[in-house]
Amino acid sequence: MAETDTESEEVIMKLLVFNCSPNMDRGNTALILQPFLEGATEAGAEVEILYSRKLDVKPCLGEYACWLKSPGVCLQHDDMREVLPKLKEADAIVFAVPVYCDGVTGPMKNLMDRMIPIAEPFIEMRRGHCRHPARDGGKPKTFALISSCGFWETDNFKPMIVHMKAFCKNTNWRYVGALVRPHAGALKPMMEMGMKIDPIFAAARSAGGAFIKTGRIPRKYQRQVRRKLLPRFLYIQKANEHFRQVLEKRDTNAASDS
């Protein structure tokens with residue numbers, strides 16, 4: 001799992017967060033995002049959260065009107081007309097999204113596709129690669145990813161992280177790391193059982209503060225958030241027991257209604 005510690009430090013004032021979990025504040029991703037934002041707020045950031053589930057953002061139509069007919073403005077009249085100005089004003093961006101089919105959720109991909117008005121259609125060389133320049137010389141953003149996954153292994157985040165790094169290179173944003181939580185399905189049951197997993201949330205909180213104060217997510221917090229909670233065989237056993245119980249209850253209810 002790649003991690004980034006940069007030498008430069010910066011103070012972030014405006015943080016724009018995209019919570020792209022269908023379960024919003026009730027999901028496993030939110031269990032990591034919420035303490036992260038508490039730390040960011042305590043560090044002095046002005047935080048705004050946008051929920052993809054609440055946004056009316058249609059898929060990109062691929063007609064490039066935002067580049068060639070009405071530069072910077074998409075012809076579709078939906079919530080991206082309010083999102084894009086917020087994107088421009090922010091100092092930093094956080095994408096919070098669970099792993100869905102080895103990548104991001106569909107609504108989040110729509111959001112990303114519809115961000116192309118922030119770029120010009122022209123092609124320039126940047127660090128030895130073809131890129132699009134930022135519209136109106138937009139300032140580079142500092143970017144972090146927060147994600148959760150139902151599978152046990154940490155490498156399930158690799159495809160998403162590769163995607164986010166590529167996206168940041170194209171937008172000229174500065175990727176500084178990710179807080180990822182594998183076998184996230186164990187979090188809530190372990191909390192209900194009173195098991196000691198508070199260090200994970202404390203690390204997420206500290207990461208939020210560091211992100212705002214220095215523009216970095218220290219590696220130690222990334223390691224603490226993703227640390228192993230229980231053996232893989234036990235996680236699989238408990239997960240399957242839960243699914244069987246839910247299905248058996250469904251079958252029992254269906255039989256009683258017939």
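The values are calculated or read from the model by the stated rules, or taken from the named source; none is laboratory data. Treat the numbers as computed from the prediction; the structure is a model and nothing was measured. We place every Cβ from the backbone using ideal geometry, glycine too, and count neighbours over all the protein chains shown.
Give the residues of region 51-98 that are among the basic types (Lys, Arg) and within 21 Å of Thr142 (Cβ to Cβ), sorted by residue number.
Correct list: Lys86, Lys88.
Identify the single condition in (1) within 18 Å of the chain's Cα centre (by Cα); (2) more than 24 Å from Tyr51 (Cβ to Cβ) that Ile123 does not satisfy, given that it satisfies every other one.
(1)
Identify, please: which residue in region 213-250 is over 22 Å from Phe151 (Cα atoms) and modelled with pLDDT under 95 and is, among those, surrounded by the most Cβ atoms within 10 Å (Cβ to Cβ)?
So, considering only residues that are over 22 Å from Phe151 (Cα atoms) and modelled with pLDDT under 95, the one surrounded by the most Cβ atoms within 10 Å (Cβ to Cβ) is Arg216.
Output the residues belonging to region 45-63 that are exposed (fewer than 14 other Cβ atoms within 10 Å of the Cβ), more than 26 Å from Ser148 (Cα to Cα) and touching a residue at least 12 places away in the same chain (Cβ under 8 Å).
If the condition is that a residue be exposed (fewer than 14 other Cβ atoms within 10 Å of the Cβ), more than 26 Å from Ser148 (Cα to Cα) and touching a residue at least 12 places away in the same chain (Cβ under 8 Å), then Leu61, Glu63 are the ones that fit.
Can you tell me how many residues within region 161-183 are free of Cβ contacts under 8 Å to residues at least 12 places away in the same chain and more than 29 Å from Arg232 (Cα to Cα)?
The total comes to 1.
Let's see how each residue does on (1) among the small types (Gly, Ala, Ser); (2) in contact (Cβ under 8 Å) with a residue 40 or more places away in the chain:
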position: Phe143; (1), (2): no, yes
position: Pro159; (1), (2): no, yes
position: Ala186; (1), (2): yes, yes
position: Ser206; (1), (2): yes, yes
position: Gly209; (1), (2): yes, yes
position: Lys213; (1), (2): no, yes
position: Gln224; (1), (2): no, no
position: Leu229; (1), (2): no, yes
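Could you tell me which residue of region 83-119 is surrounded by the fewest Cβ atoms within 10 Å (Cβ to Cβ), considering only residues that are free of Cβ contacts under 8 Å to residues at least 40 places away in the same chain and not in a helix (DSSP H, G or I)?
So the residue we want is Cys101.
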